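Trainee: Have a look at this one before I ask anything.
The values are calculated or read from the model by the stated rules, or taken from the named source; none is laboratory data. Quantities reported herein were computed from a predicted structural model and do not represent experimental measurements. Here Cβ is always computed from backbone atoms with ideal geometry, including for glycine, and neighbour counts include all displayed protein chains.
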Amino acid sequence: MRKFLILIFWVISVMALLNSGKISDIKNQLGPATFFILIYLSIVLIFKITTKIHIFFSLIFLFLIPPLILAGYDKSVETLSTLLYYFLILIALQQGVELFFKRKNV
Amino acid sequence: MKRIIWLGFIFILFTLIPFLLWGNLYFVGGDDSKLYYLFPFEYFKNFTLSLVSDNQLGTVGNYFSEAYISLFSLLILGVKNLFFFLNTQFLMFGLNLSLGFLFFYLLLGIWIKNDNWYDFWAKILASLAYAFSIFSFYTLWSSQLFSLYLVSIFPISLYLFIRAIQDNRPSFIVFNALLLTIFSVLLFSIPWVAALIIAVIPLLTYIFWQNRKRFMIFSLVFIVLIALLNFYWFFHFFYASYNLDRGNSDILTKAASYDTRKANEYLIKAVSKNNQIVYPLLNLFHKNIQRDFGWPSYNIFLNWHLKLLPFNILFLLIVLLAGLFLKKTKRKYSQLYWLSLLSWLVVIFFFTVNIGGWGLNLFLWLNEHVPGFVMFRNMYDKFGPAMTFSFAFLLGVSLKIIFDQIQKRSINTIIIILLTSLIMLNAKPFIFGEYYKIPLWNTKNTFTPISDFNQDFYDLITYIKKIDTSSRFLWLPLNNANYILIQDKNLQNHYYVGVSPLQFLAKKMDFNGLLSFPPNISQRLLKNIFKQNFKEVGLFFQRMNVKYIIVSNNVTDEIKKSYLYAYYSRGDLYNAQDKNFKKTVLGRRIKDFGRRYSLYEINNDFKNEKIYLTDNLNVIPHDFSKVRYEKLASYKYEIKIKNLRDEEYLVFLDPYQKQWNLYFSMKNKPLLTGSHKVVFDYANGWLIDPEKIKKDLPEEYYHLNPDRSIDLVLTLYFKPYDYFYTGILVSSITGICLILYLIYELVTKLYNKKTLKVKTI
């Protein structure tokens, strides 16, 4: 199942790349979020990155946000909070895969 | 036992919050008046049972059943009579808050049993987060429309539904259907309900997966029962959609139209363009939308919530920490965690939209391609309650996982204390009613909560009630909305600002502002007022069947300069309605009511009647003597026509509905002499040809005068009213059967319990 998912993610990413011709076009067509998630998910699956690492990243973003808001770095806050949201999606996706495909008590 | 005492204490405390901290005035006004808390009987009797004409406040009524509010207003009437010594609105609000808390606690209890005190506290904290969520303050509690009761009814309904499936208890489904019928208003709060359903889809899928067959059967039974119990208004809601009239599209058609979808695109972009996801992630409402649109609550947000922002990371910290323990926790809780996280992430997207480069495009695509999605146009409002539910549920599950894994009492106690403090601190402006102390938009010293209407207004209502007319009243000066302003009985700077209660207090129709009229017509009216074409304005009033004008004499300077009278600039709409304007449209002064109100007839140049005969559809005649009519009910008029010699049009100045039919009163036979035409772009007209009547019908249908003219007695009848009692009968029989079933279930259960006890002894 893991290999199958990796294959699907890569195929979608490569198809998007071939259709557009340029990296910037992919960004426009799929949006940076989708592209990022697909590539990242396949990396996650190849290297078996655990939920804990995603949570670790999320925690770093979370603790960085308040001081940046107070300092008035609006753009950075927006980027970080969007990244935090994507990492939360990753946690949810990874949990979903584990719950559906691994019948053990996770 | 101790836990029940705790719960009881919190329940009572929450019920008392409005009484103790929100003052003693009624929060009324706005788009639905909220006056059913003050006048539930009048509201029920004179408004909710109307199908046509008399079924709108401060505007023209179309074919639409308002009966969906009837059971709710009867409930308020019961509560008002039972607790006559209390502020009915505050009692309902208090119960809404406490029942919302209690049933969210019980809902979580389906999965989180009280194995120890930490389980209890996990549920209490999540329920506190639910009851005191900022997303509810800014949406449901802010507008206080009927959808407010979703705070309590949604967890109750979901709890009953899930319990029914898990424990195989059909009686819970029946009770649920009855409860939702009493709160039929919530079935009409479709956008908020739909958003909440999106939020619980993961949870319901989980329940479905556990018991597929029962889930399907119970869902089907539930839907059928809801349909039958609400048949009395459902029927008209759908029947109206399938019998559309010219220009009178119903809500369903309007929502699905291409124009609405296109117009929505602009609104969606405008509303979401500055949303930042950081705020909902930290359990806060969007900041920039408050700033950009000058929301009165912005100051509270700036001075209170933003200061709490650094501490609010605790909410997400708990969610993330729970994620670290997923491998060690029971499968049931890791599943619940995943489902609630999924729900929260989906709802955050819909609530924010402006995420990355794809968020807005996806939302616009959904708006364009998914039928009905158009209802989520103010996404921050519609998905507010869904945010409340999803986050509180996720918090509850996360706390359960953390408490199970961290066995150290000191750490768990610190988490409980910190989280309780943070939730209560975030809720401080709501608990102390600060949102309700905000002045009317664009003013500094005008407030909208009131104790009662002033005596002059009551005198005016008593007088108007006695006027024998079915024509309309107009309030001057006209404002930007369709609101009237009524000063409080005692407090000088407190006003009722909302739709007019004239319909249910005096049984008279009225207009109050630009929104009282259809958009294309009100634009023409506005243009003529600003261009000082007052004669045109008078003619417009004449065509809209305005016979009496009420002038409000005590509009304060501050209100004149508020949004109510600002079109291009502050106060311009008020100033445009100057002395010349009044001189043109006002006729004989009938009576003054204190210094606040003066009642006038319309100027003789614009005299009119609701029903008249004319040979030219474009002009209203000066002579109305040929027709006498009496309004028997909102759906029925008796019309007597004298000396009809030539072909003429019978005009009825009420919105065009093809279901309005003319009958010969004596024979109850339809009058088929000419087509049903649209008059003045909104009203009804029928061609009546006396020669054709004489030729086609025997003489008992009319009276032939010596000069060969005829007299007719006709009935104007709104046909869908034929189904009014059938609908009530279907719903009543279903309701009675279900109540008997519930009583039978209860008695059987009690009897079985007693028998078991005797056998044990």
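Trainee: Could you list all residues from region B:317-329 that are within 9 Å of chain A (Cβ to nearest Cβ) and within 37 Å of the chain's Cα centre (by Cα)?
Mentor: Answer for region B:317-329, where residues must be within 9 Å of chain A (Cβ to nearest Cβ) and within 37 Å of the chain's Cα centre (by Cα): just B:Val319.
Trainee: Which helices (runs of 4 or more DSSP H) sit wholly inside region B:256-305 and have at least 1 residues that are touching a residue at least 24 places away in the same chain (Cβ under 8 Å) and of a type in the set (Lys, Arg)?
Mentor: Of the helices (runs of 4 or more DSSP H) lying wholly inside region B:256-305, those with at least 1 residues that are touching a residue at least 24 places away in the same chain (Cβ under 8 Å) and of a type in the set (Lys, Arg) span B:258-272.
Trainee: Residues B:Phe457, B:Phe511: which one is crowded, with 18+ Cβ neighbours inside 10 Å, part of a helix (DSSP H, G or I) and out of contact with any Asp or Glu (no Cβ under 7 Å at 6 or more places or on another chain)?
Mentor: B:Phe457
Trainee: Sticking with this one: Residue check: is B:Leu653 of a type in the set (A, V, I, L, M, F, W, C), in contact with a Pro (Cβ under 8 Å, 6 or more places away or on another chain) and either at pLDDT 90 or above or in the same structural domain as B:Asn520 (by TED's automatic domain parsing) (or both)?
Mentor: For B:Leu653, the condition - of a type in the set (A, V, I, L, M, F, W, C), in contact with a Pro (Cβ under 8 Å, 6 or more places away or on another chain) and either at pLDDT 90 or above or in the same structural domain as B:Asn520 (by TED's automatic domain parsing) (or both) - is not met.
Trainee: Sticking with this one: If you go through region B:211-225, how many residues are loosely packed, with under 14 Cβ neighbours inside 10 Å and closer than 15 Å to B:Leu180 by Cα?
Mentor: Residues in region B:211-225 being loosely packed, with under 14 Cβ neighbours inside 10 Å and closer than 15 Å to B:Leu180 by Cα: 2 in total.
Trainee: Look at B:Lys591 and say whether it is surrounded by fewer than 19 Cβ atoms within 10 Å (Cβ to Cβ), assigned to a strand (DSSP E or B) and outside the structural domain of B:Ile521 (by TED's automatic domain parsing).
Mentor: no
Trainee: Within region B:363-404, track down each residue that is within 14 Å of another protein chain (Cβ to nearest Cβ) and surrounded by fewer than 17 Cβ atoms within 10 Å (Cβ to Cβ).
Mentor: The one that is within 14 Å of another protein chain (Cβ to nearest Cβ) and surrounded by fewer than 17 Cβ atoms within 10 Å (Cβ to Cβ): B:Trp365.
Trainee: Could we say that B:Lys332 is more than 8 Å from chain A (Cβ to nearest Cβ), assigned to a loop (DSSP other than H, G, I, E, B), over 19 Å from A:Ile89 (Cβ atoms) and out of contact with any strand residue (DSSP E or B) (no Cβ under 9 Å at 6 or more places or on another chain) here?
Mentor: Here the answer is no, as B:Lys332 does not meet what is asked.
Trainee: Sticking with this one: Is it true that some residue in region B:416-428 is part of a helix (DSSP H, G or I), crowded, with 19+ Cβ neighbours inside 10 Å and of a type in the set (Val, Ile, Thr)?
Mentor: Looking through region B:416-428, at least one residue is part of a helix (DSSP H, G or I), crowded, with 19+ Cβ neighbours inside 10 Å and of a type in the set (Val, Ile, Thr).
Trainee: Please list, ordered by first then second residue, the pairs with beta carbon atoms under 9 Å, 6 or more apart or interchain, first in region B:147-164 and part of a helix (DSSP H, G or I), second charged (D, E, K, R).
Mentor: Short answer, once both residue conditions are applied: B:Leu160/B:Arg169; B:Arg163/B:Arg169; B:Ala164/B:Arg214.
Trainee: Considering only region B:524-547, state which residues are part of a loop (DSSP other than H, G, I, E, B) and under 14 Å from B:Arg472 (Cβ atoms).
Mentor: Correct list: B:Met544, B:Asn545.
So that you can scan it fast, the table gives a plain yes or no per residue for (1) modelled with pLDDT under 85; (2) surrounded by fewer than 18 Cβ atoms within 10 Å (Cβ to Cβ); (3) assigned by TED's automatic domain parsing to the domain that holds A:Ile8:
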| position | (1), (2), (3) |
| --- | --- |
| A:Thr34 | yes, no, yes |
| A:Leu68 | no, no, no |
| A:Ser76 | no, yes, no |
| A:Leu80 | no, no, no |
| A:Ile91 | no, no, no |
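Trainee: Regarding region B:295-304, can at least one residue be identified that is more than 8 Å from every other protein chain (Cβ to nearest Cβ) and either on the phi > 0 side of the Ramachandran plot or surrounded by 23 or more Cβ atoms within 10 Å (Cβ to Cβ) (or both)?
Mentor: Scanning region B:295-304 turns up no residue that is more than 8 Å from every other protein chain (Cβ to nearest Cβ) and either on the phi > 0 side of the Ramachandran plot or surrounded by 23 or more Cβ atoms within 10 Å (Cβ to Cβ) (or both).
Trainee: Now a separate question. Do we find that B:Tyr568 is outside any helix (DSSP H, G or I) and modelled with pLDDT of 95 or more in this structure?
Mentor: For B:Tyr568, the condition - outside any helix (DSSP H, G or I) and modelled with pLDDT of 95 or more - is not met.
Trainee: Can you name the number of the only condition in (1) surrounded by fewer than 19 Cβ atoms within 10 Å (Cβ to Cβ); (2) touching a helix residue (DSSP H, G or I) at 6+ places or on another chain (Cβ under 6 Å); (3) among the β-branched types (Val, Ile, Thr) that B:Thr556 fails?
Mentor: Among (1) surrounded by fewer than 19 Cβ atoms within 10 Å (Cβ to Cβ); (2) touching a helix residue (DSSP H, G or I) at 6+ places or on another chain (Cβ under 6 Å); (3) among the β-branched types (Val, Ile, Thr), the lone unmet condition for B:Thr556 is (2).
Trainee: Here is a follow-up. Would you confirm whether any residue within region A:39-49 is more than 7 Å from chain B (Cβ to nearest Cβ), at pLDDT 75 or above and more than 26 Å from B:Leu362 (Cα to Cα)?
Mentor: No.
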